[in-house]
Structure formats: structure tokens, C-alpha cells
Amino acid sequence: MQRLIPTGEAERPVAFAEVPPPLPEPFEALIKVEAFAPNRGETFLLEQPRPGMLPGRDVAGLVVQAAADGSGPGIGTRVVGHPAQGGWAEYAAIPTDSLAVLPDGVDSERAAALPLAGITALRLLRTGGSLAGRRVLLTGASGGVGHYVTELAVGAGAELTAVTATPVRGERLADLGAEVVHRVADARGPFDVVLESTGGPDLALALTKVRPGGVVIWFGQASRTPVSLDFFQLLEGPERVTLQHFHYAGAPYASDLATLVRLVEQGRLHPEIGRTSDWAETADTLVDLRERRIRGKAVLLTGGTR
């Protein structure tokens with residue numbers, strides 16, 4: 001079968017290789033991949049790929065071999081999955097606790113755009129607690145996580161302010177009900193909850209935007225710039241602010257995937273897909289995703305020729 005493997009080259013980060021199909025563990029189903037969606041974080045990992053790295057965490061496709069232990073969906077079932085790696089291939093072996101069944105109304109393209117960004121958004125908002133009537137600040141809101149957080153938070157009754165780099169990237173978020181600003185400094189606080197994903201100087205600035213007793217949930221460092229905090233500067237800001245680290249990962253994912261699929265089917269969640277291409281164009285798409293030339297998610301389809 002065909003698989004995309006890392007090259008270590010900045011402008012051509014992956015290439016096709018002919019490899020044997022994966023051999024599923026008893027708790028894994030074998031999926032014929034129809035679509036996959038790279039994440040910007042994966043583009044950074046590909047700059048210096050670790051030995052044996054097989055990229056690909058967001059996939060949708062068809063079960064062609066059910067799990068030997070009897071768990072999970074049967075042969076012929078359409079699914080979305082979130083494996084630990086190996087999704088950029090014709091076939092992927094995925095634990096059944098990381099799969100969710102797709103109804104007829106949700107296609108593979110939209111489903112593939114859900115897993116990492118959608119699960120992150122769900123778990124991030126749960127960490128923030130009840131949102132109805134609360135003021136929320138979201139930094140680094142341009143990507144897939146920002147889109148899902150905005151739609152889910154506004155739908156839950158939050159008053160959300162989203163920070164995006166450019167007006168174009170903010171248009172969709174404004175349509176979803178967010179107030180959009182382009183610098184953290186321009187956000188009109190105080191906020192009950194700050195969801196901070198850019199790092200660098202933005203984290204320290206975000207801490208000044210929280211109400212006394214509020215919380216800042218730090219879930220990323222998209223700027224790739226380390227954070228420096230000045231204790232005495234913090235003393236001059238709001239009191240008793242909690243700074244909490246967040247990382248979404250941790251199987252099982254099936255329940256959260258099923259929730260995301262249900263919300264899409266009900267028209268309550270709308271994946272923003274900025275580009276859909278044949279997987280022959282994966283390398284170019286990864287570069288464009290890394291350089292922020294794609295708004296929202298990029299989805300690659302394996303059905304065409306390469």
C-alpha cells in the first residue's frame with residue numbers, strides 16, 4: 001500500500017512510500033482511509049521527524065476488517081478515527097475506542113476535519129466550566145481549534161472575544177457570534193476565562209485581562225516563543241488568578257468523537273475547511289498550513305490518483 005513518510009525537508013516534508021498494510025492488534029480495526037486532515041502542530045514535528053514517525057491523527061474511512069476482540073464497528077461501517085499515528089496512508093489500524101460511526105448525513109471530508117481540533121475544543125471548554133453568561137477570551141483563534149471553540153462556546157451562551165491575526169481570519173468567527181480583535185491588548189476585559197494558545201508576550205498580557213479569581217487556561221504556544229513572567233508585574237494585576245496548563249490528549253476518544261459527529265449531523269457544528277485536495281498534494285498543503293496560508297482545516301482525499 002501507499003503511505004506518506006517524513007523526508008526531513010522543509011519544502012517537501014513528506015513523500016510516498018510502498019509499504020505492507022498494517023497488522024491490527026486485537027483491539028484495532030483496519031480502516032480504508034478516505035480522507036485525512038493534517039494539523040499545524042504536525043507540520044512542526046515534521047521539521048525534525050523522530051525515527052519511525054508515521055504522521056496522521058485525523059482520519060475518516062471505511063472498516064474493512066473488524067477488531068478481533070469483537071469491540072467496535074463491523075465491516076462496511078463508515079467511521080472517523082483518531083489514531084496515535086499512521087493515518088496518512090491507504091489503510092490505518094485504529095483502536096476501536098478511538099473510532100466513532102458516521103451517519104449518512106456526515107461525509108468523510110467533514111468528519112476528517114473533526115478529531116484533534118474538535119476533541120481539543122470540547123475538552124478545553126469542559127475544563128473552563130459552565131459558560132452560560134460568562135465572558136471568555138480566546139487567543140490564537142484562527143485555526144481549527146479556534147473555530148470549534150467559538151461555535152461551541154457561543155452556542156453554550158458565552159460572550160466570547162476572539163483574537164485573530166488579520167481581519168480575513170476573523171470574518172468567520174464574527175459570523176459565529178464572536179467579538180473579534182487582532183491584538184490581546186485590544187480585548188475589552190475583564191474576562192471570567194481566558195483560553196490562551198499563542199505564548200510569547202501574549203500570555204503575560206492575557207493574565208492582565210482576567211477578573212479577580214478568574215482562570216487562564218494555557219493550551220498552546222503557536223508563536224513558538226517561550227513565555228517570560230514577571231512576578232512583580234503580576235502583583236499589579238488582578239488577584240487570585242489561576243494559571244492552568246491544558247493538553248487534550250488521552251484515549252479513549254470514541255465518546256468525544258461521537259459527540260462531535262452528532263453536533264455536525266444536527267447542524268450545530270460546522271467544520272471550516274479551507275482546502276480540499278487529492279493526497280498527491282499533501283506536501284504542498286503541509287507547507288501552506290505551516291505558513292498559515294490556509295484558513296481553517298485542510299483535508300486530503302485518498303480516492304484520486306497520485
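A short reminder: the numbers here are calculations on the coordinates, not readings from a lab. Small disclaimer: the values here were computed from a predicted structure and weren't measured. Neighbour counts run over all protein chains shown; Cβ positions are idealised from the backbone, glycine included.
When all alpha carbon pairs of the chain are counted in 20 Å bins from zero, the resulting P(r) reads 34, 55, 12, 0 %. Calculate the FRET efficiency for residue 64 and residue 249 from the Cβ-Cβ distance with a Förster distance of 25 Å, rounded to the nearest 0.05. That gives a FRET efficiency of 0.40. This model, with +1 at the C-beta of Lys and Arg and -1 at the C-beta of Asp and Glu, gives the chain a dipole about its Cα centre of some 520 debye. What does the helix-only formula give at 222 nm for the chain: each DSSP H stretch with n ≥ 4 adding -39500 (n - 2.57), the total divided by the residues, and the result rounded to the nearest 500 deg cm²/dmol? That calculation yields -7000 deg cm²/dmol at 222 nm. When region 251-306 is described by a simple charge dipole with +1 on each Lys and Arg Cβ and -1 on each Asp and Glu Cβ, the residue from 282, 260, 301 located farthest towards its positive end is 260. Across region 137-143, computed HN-Hα scalar couplings (Karplus, 6.51 cos²θ - 1.76 cosθ + 1.60, θ = phi - 60°) run 10, 10, 9, x, 8, 6, x Hz from first to last residue, x flagging Gly and Pro. Across region 118-245, Cα pairs under 8 Å and at least six residues apart give a relative contact order of 21 percent. Applied to region 244-256, the Karplus parametrisation 6.51 cos²θ - 1.76 cosθ + 1.60 on θ = phi - 60° returns per-residue 3J(HN,Hα) values of 10, 7, 9, 9, 6, 5, x, 5, x, 10, 4, 5, 5 Hz, with x for Gly and Pro. Restricting the calculation to alpha carbons of region 1-99 gives Rg and Dmax of 13.5, 43 angstrom.
Which distance in nm do the two modelled labels at residue 18 and residue 293 give, with both placed 7 Å along the Cα-to-Cβ direction? It is 3.2 nm. Between residue 186 and residue 5, the FRET efficiency from the beta-carbon distance, with R0 = 51 Å, is close to 0.75. Axis angle, to the nearest 10 degrees, between helix 115-128 and the longest C-alpha principal axis of the chain: 30 degrees. Placing +1 on the Cβ of every Lys and Arg and -1 on the Cβ of every Asp and Glu, with no other charges, gives region 75-191 a dipole of roughly 440 debye about its Cα centre.
Near residue 57, the amide H atoms lying under 5 Å from its own belong to 87; only residues 5 or more places off or on other chains count, and H is placed 1.01 Å from N. Across region 118-245, counting alpha-carbon atoms alone, Rg and Dmax equal 13.3, 39 Å. Compared with the direct C-alpha span, the chain from residue 126 to residue 232 gains 35.0 nm at full extension, assuming 0.36 nm per residue. In a simple Cβ point-charge model (Lys, Arg +1; Asp, Glu -1; nothing else charged), region 118-245 has a dipole of about 220 debye relative to its Cα centre.
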